[in-house]
1. Within the set of pairs 6 or more residues apart or between chains, which connect a residue that is at positive phi inside segment 324-353 to a residue that is surrounded by fewer than 22 Cβ atoms within 10 Å (Cβ to Cβ) with Cβ atoms less than 9 Å apart?
2. Can you name every residue in segment 42-57 that is within 16 Å of ligand 2 (Cβ to nearest atom), outside any loop (DSSP other than H, G, I, E, B) and in contact with a strand residue (DSSP E or B) (Cβ under 9 Å, 6 or more places away or on another chain)?
3. Only residues that are more than 13 Å from ligand 2 (Cβ to nearest atom) and within 24 Å of LYS73 (Cα to Cα): list them for segment 126-164, please.
4. Condition first: in a helix (DSSP H, G or I) and open to solvent by 40 Å² or more (accessible area, probe 1.4 Å). Now tell me which residues in segment 26-41 satisfy that.
5. For segment 172-190, give me the residue count where each residue is touching a strand residue (DSSP E or B) at 6+ places or on another chain (Cβ under 8 Å) and open to solvent by less than 20 Å² (accessible area, probe 1.4 Å).
6. What is the one condition in (1) over 20 Å from GLN13 (Cβ atoms); (2) in contact with a helix residue (DSSP H, G or I) (Cβ under 7 Å, 6 or more places away or on another chain); (3) among the small types (Gly, Ala, Ser) that SER114 does not satisfy?
7. Being open to solvent by less than 10 Å² (accessible area, probe 1.4 Å), of a type outside the set (Phe, Trp, Tyr), out of contact with any Leu (no Cβ under 9 Å at 6 or more places or on another chain) and within 16 Å of ligand 1 (Cβ to nearest atom), is that true of even one residue in segment 346-367?
8. Assuming LEU26 fulfils every condition listed in (1) within 16 Å of ligand 2 (Cβ to nearest atom); (2) on the phi < 0 side of the Ramachandran plot apart from one, which condition is it?
Amino acid sequence: MKLLAPNPGWTVQADVIVIGSGVAGLTTALNLRAANLSVLLVTKAKIDEGSTKWAQGGIAAALGPGDSPDQHKSDTLIAGAGLCDEDAVNILVTKGPEAVRKLIARGAVFDKSSTGEIDLTREGGHHRNRILHAGGDATGAEVSRALLAAVHDDHGIEVIEHALVIDALQDEFGRVCGVSVHVIGEGSRDGVGQALARAVVIATGGLGQVYSQTTNPSVSTGDGVAMALRAGAAVADVEFIQFHPTVLWRDNPAGQEGQQPLISEAVRGEGALLLNHKGERFMLGKHELAELAPRDIVAKEIFNQMKTANVPHVWLDATHVHDFPERFPTIFQSCNENGIDPRVQLIPIAPASHYASGGVLVNLVGQTTVPGLYACGETACTGAHGANRLASNSLLEGLVFGAAISEDISKNLPPQGTPVKRSEETLLLDPAIRLSIQLSMTEGAGVLRSEKSLRETLNQLEQLGTRRSTAPRIEAWEVTNLYLLAVAIVRSALEREESRGSHWRSDFPESSDLWQKRIIQKFGIDGSWTTSEIEVKH
Ligand code: FAD
Ligand code: SIN
């Protein structure tokens with residue numbers, strides 16, 4: 001199965017193609033250069049677009065006095081609710097400090113305390129202060145700035161902006177040997193072309209746009225996961241969509257779709273409290289860490305409070321947070337833009353889709369189940385996050401696994417393959433169905449799901465899937481990707497008859513030992529789905 005697209009009109013070639021210019025793609029590209037490989041970095045909008053530059057709270061790494069990778073591991077495993085791959089977690093937490101030091105060596109500047117040490121804060125699920133931050137709450141912008149500067153200085157990395165990758169190209173043995181890509185460009189590289197390479201790394205970020213309210217930017221349509229599915233790759237854990245508990249709720253229907261302003265968990269790390277509509281703290285007694293419990297637990301409790309009182313939001317009280325405008329300048333600004341002064345007013349908040357803990361199934365060096373195809377960052381499922389990612393482990397994952405992937409590629413690079421046509425089947429949906437997909441997913445496959453709500457959503461998706469288009473363009477490719485991912489999420493969520501981490505079923509409210517396994521989805525070249533399960537490595 002492929003997306004309907006014109007035949008390629010031009011060709012470009014490099015040793016390795018990296019798709020995406022967030023922390024995962026940029027880190028992979030820079031590390032590949034250490035092996036002297038030529039890199040083509042394609043990115044679908046402007047180079048700094050993607051979730052990375054929006055990251056607020058920070059990067060988790062065991063760098064503080066008394067902290068250790070073992071303690072970081074323990075918090076990651078607890079947040080992951082029994083579904084983390086321990087080998088992947090070990091790599092994340094032990095290589096984390098070194099990866100952060102390398103980022104600092106590449107020019108990233110983190111906030112310092114009055115004594116000149118890196119200032120470490122705390123977020124949900126962490127038992128220690130281990131979150132490095134920059135510009136107060138603008139960590140992602142600093143990470144992005146530093147990595148982009150390094151990429152810019154490296155003449156072995158060619159960057160093509162406004163280049164949307166459509167599908168993988170495969171040789172006669174099924175090995176990936178390039179991608180088809182649509183470029184809004186000029187001259188010889190305009191429209192659909194083919195980019196050939198000896199290995200392809202998908203680093204296309206998250207899929208928050210599957211839902212109607214998300215913290216993710218508009219480019220987060222999960223294109224890489226959908227592309228990998230169409231190439232025959234396995235995806236895993238896609239039912240574990242993380243809903244961030246504290247997203248600014250705006251009393252304006254027009255402002256309630258698409259990307260919403262995040263109020264970082266670090267605000268709670270600095271003392272902010274959650275209050276219900278009666279002004280009571282409701283996390284006390286629910287978890288030993290109260291407001292700083294792992295994200296899934298806080299999001300569920302907020303959802304319960306909203307449902308019980310039939311209100312659209314709860315409150316975050318940050319009036320006691322010291323120096324709010326200086327510590328959280330981005331959040332202060334977005335609150336002000338919405339008429340709220342967090343120094344003296346409560347902030348209305350509600351959960352919204354934030355992070356895909358699952359994605360394209362990869363091994364410890366980022367290889368997918370299709371030869372020649374790698375995945376890194378939020379697109380990938382390394383198993384490090386299990387059923388619920390620990391706060392600030394995502395930027396870290398991009399840094400750590402970007403390095404591991406580059407090392408593997410540099411050791412195992414075959415000659416360039418020749419693309420062949422493997423399937424005549426194509427799919428393209430009408431861009432007009434985008435909002436209907438998002439609303440249906442929010443309604444039936446959101447924070448709380450049940451067999452009934454999931455089946456209703458699946459039926460609606462099946463109807464929407466009949467709305468075909470014959471006009472290939474960016475909006476149609478994106479909506480087809482959103483549709484495929486929505487189906488994959490709902491199928492997995494239906495399959496998992498238990499509640500665990502960020503998968504919460506009203507009809508199966510408890511976790512079950514029988515479900516200590518990952519659900520794998522595959523999409524056949526004829527458009528059929530298969531579901532299987534694998535045991536989790538502990
Ligand atoms: P991204 O940074 O999303 O980059 C994806 C790239 O792929 C983009 O360049 C995009 O344009 C490109 N792309 C997408 N589709 C295509 C296509 N078809 N063709 C070509 N290019 C394509 N995590 C933390 O660890 N700490 C935090 O404090 C934190 N805060 C967050 C705050 C917000 C508001 C959000 C949204 C996320 C936050 N996260 C945080 C999560 C973290 O930012 C992301 O998981 C991480 O940045 C993902 O990095 P990435 O490189 O995988 O993807
Ligand atoms: C936040 O700052 O609350 C987001 C942190 C994360 O997603 O890791």
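The values are calculated or read from the model by the stated rules, or taken from the named source; none is laboratory data. Owing to the predicted nature of the structure, the values given are computational and were not obtained by experimental measurement. Neighbour counts run over all protein chains shown; Cβ positions are idealised from the backbone, glycine included. Heads up: the accessible areas ignore ligands, DNA and RNA and are worked out on the full protein's heavy atoms, side chains in. Shrake-Rupley method; radii C 1.70, N 1.55, O 1.52, S 1.80 Å.
1. GLY339/GLN345
2. Residue satisfying the conditions is TRP54 alone.
3. Within segment 126-164, HIS127, ARG128, ASN129 meet the criteria.
4. Matches in segment 26-41: ARG33, ALA34.
5. 7
6. (2)
7. Checked against the condition, which is being open to solvent by less than 10 Å² (accessible area, probe 1.4 Å), of a type outside the set (Phe, Trp, Tyr), out of contact with any Leu (no Cβ under 9 Å at 6 or more places or on another chain) and within 16 Å of ligand 1 (Cβ to nearest atom), segment 346-367 yields at least one hit.
8. Just one mismatch for LEU26, condition (1).
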